[in-house]
Amino acid sequence: MYDTLIENIGQLILPAEGPLKGDAMKQLEVKENMAIAFEDGKVAWIGPNEEARKLKANERVDAMEKTVTPGLVDPHTHLVFGGSRENELALKQAGVPYLEILQQGGGILSTVEATRAESETHLYEKAKQTLEQMAAHGVTTLEAKSGYGLEREAELKQLRVVKRLNEESLLDLVSTFLGPHAIPPEYKGNEEAFLDDMIRLLPEISEEGLAEFTDIFCETGVFTIEQSRRFMKASQALGFQTKIHADEIDPLGGTELAVSMGAASADHLVAASDEGIDRLAEGDTVAVLLPGTTFYLGKDYYANARKMIDSGAAVALATDFNPGSCVTYNPQMIMSLAALKMKMTPEEIWNSVTVNAAHAIGRGDVAGCLSVGRKADVVLWDVPNYKYIPYHYAANHAKAVWKNGRKVWERRGARVFSVPQPGQGC
Ligand code: IZC
Ligand code: ZN
């Protein structure tokens, strides 16, 4: 007797085990007329729909010939923060660049002020609501960064929120310490001392199990290549895996640095050099692309996903959900941008939000693929086929979402036709 059986699946999407590099990203196994069963939180059976009829299950779900995929993995989010930055929209409209807003003490630094001022409980409650929305959009595993504290207590506060969300929610969160995210005003002109402070936090973060990864914003006016290398080395010496915000705006060479340091991922890469892209193809670093950010910053040039994939790199996609440069937690929107702005194919896109996204956060063995024995992290989409989601943009196509075999979200239809009023009968 299975716990749950999803029958009558039109298309079941089964990404191959990864990480998938280059041409391997162009393949995607699509099986028609299928069924899938869960038991004890794991996938227990996958087979043709006609064989499912004789199986017994406590709950039977009719997929109505729609599409089923692994739960989405979002490998780059700034989930926990105080406040919001809608006032910066007018500055953006006036053409003030993102880095200039930051130099003026706004941008990341305004979120730092709001985050420092928030209680841990408030931050938790706010992030919890976002997490629920992420699940509603098909996300079952995600990465979450700190980086809006820029001082010991406020950084630890954010990391404790991520830890608690991981323990108390059904979703899996992977925690990243992004202490070197900006230079706080009190350290202006004293960047090395600030970096030293962030490095001094690493042992405590490691001992308390508050993060698995570290990250640094390597960008003009923020942290240099040399500072990034120093931080990554210090992180690795304590057993952290590393990530880097690299070559987002200016081509500093963060992509090359990431590969040479064996980073798990290099993220953004809009301005990555040809040399950097060649290095990605040779190395094990996953390129995490964030087209939602390019879109939101109003830029014309997107990361060169085509060249990366055609050269042999492993590409993943993420939302970059944050209050300043990408205010969406909907990976389905990112999938449309990947298709329209980066010319990625539907097969490449699905591999980028599942198997490769899982590898970018060290979860390739447990997330992003579906096979017997793996976690039952599954989404039933209200779409006829997998190509439909990038095509029909900015909607939420998720119909039901399971995490470890438990339904964490289900769409309830709007009541806009013939709503029976109490006492009126049906
Ligand atoms: O709050 O602006 N790029 N960090 C680096 C961000 C964007 C987040 C933000
Ligand atoms: Zn980011």
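Things to note:
- For residue 61, residues with placed amide H under 5 Å, excluding near neighbours: 5, 6, 7
- Legend: residue pairs 157/407; 126/407; 31/403; 145/403, Cα-Cα distance threshold 24 Å; pairs beyond threshold, 157/407.
- Neighbour net charge for residue 256 - beta-carbon separation under 10 angstrom, K R +1, D E -1: -2
- Computed lengthening from residue 54 to residue 200, 0.36 nm per intervening residue step minus Cα-Cα distance: 46.5 nm
- Per residue, segment 99-177 exposes 36 Å² of accessible surface when a 1.4 Å probe is rolled over the protein heavy atoms with every protein chain present.
- Heavy-atom accessible surface of segment 73-361: percent carbon and sulfur, 1.4 Å: 50
- DSSP-defined beta bridges in the chain - what % are antiparallel, rounded to 5: 45
- Shape of segment 73-361 from the C-alpha gyration tensor: rounded (a/c under 1.5, with a ≥ b ≥ c the square roots of its eigenvalues).
- Formal net charge of residues neighbouring residue 55 (Cβ-Cβ distance under 13 Å; K, R +1; D, E -1): -2
- Here's the picture: a label point sits 7 Å out from the Cα of residue 393 along the beta-carbon direction, and within segment 112-138 nothing has its amide nitrogen under 17 Å of it.
- Reachable lysines from residue 26, criterion Cα separation under 20 angstrom, eight or more residues apart if same chain: 307, 341, 343, 387
- Accessible area in square angstrom per residue, segment 341-426, 1.4 angstrom probe: 49
- Counting only Cβ charges, +1 for Lys and Arg and -1 for Asp and Glu, the dipole size of the chain around its Cα centre is about 1320 debye.
- Taking every protein chain into account, the 1.4 Å probe leaves residue 62 with about 90 Å² of accessible area, to the nearest ten.
- Summing charges over neighbours of residue 405, with a neighbour being any other residue whose Cβ is under 9 Å away from its Cβ, gives +1 when K and R count +1 and D and E count -1.
The values are calculated or read from the model by the stated rules, or taken from the named source; none is laboratory data. Note that the structure is predicted; figures quoted are calculated from it, not measured. Here Cβ is always computed from backbone atoms with ideal geometry, including for glycine, and neighbour counts include all displayed protein chains. What goes into the accessible areas is simple: the full protein's heavy atoms, side chains included, and nothing from ligands, DNA or RNA. Shrake-Rupley method; radii C 1.70, N 1.55, O 1.52, S 1.80 Å.
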